[in-house]
Amino acid sequence: MTVAQEHEKGGMGKYLIVYIAILILAGLQFVIAYQQLDGAQMFARMLFVALLEAGLALMFFMHLWAENRGLLLFVAITTIFVLAAMQYGWPDSFRMLVGAPGAGSSH
């Protein structure tokens, strides 16, 4: 189904509702930012809202909701794998900051 056929079938109303929902979620992030929360709570809440926003944008504006479920599963698994693989370098970053364990000077 092409994008033009989707617009004829569903109209722009669905996209307008999703756009307004994303704007509301962005406003919710401002509300969360101005609350007096500790860092971990604020991070968790902001991350959750950001993931909702990104999911809505991907599913509707990139038309992933109309694609084959296999493609959606492939994109999700690949994204999770790439994000997990990027985390592999953090121990080296901390080692560069504080030095290798047991390599301290014995003066």
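Residues that are part of a loop (DSSP other than H, G, I, E, B) and out of contact with any helix residue (DSSP H, G or I) (no Cβ under 8 Å at 6 or more places or on another chain) within segment 58-74 comprise Met62, Glu67, Asn68, listed in sequence order.
One residue stands out among those in segment 79-107 that are modelled with pLDDT of 70 or more and among the hydroxyl-bearing types (Ser, Thr, Tyr): the one that is surrounded by the most Cβ atoms within 10 Å (Cβ to Cβ), which is Thr79.
The values are calculated or read from the model by the stated rules, or taken from the named source; none is laboratory data. In this text, all values refer to a predicted model and were calculated from it rather than measured experimentally. Counting neighbours? That spans all protein chains shown, and the Cβs are built from the backbone with ideal geometry, glycine included.
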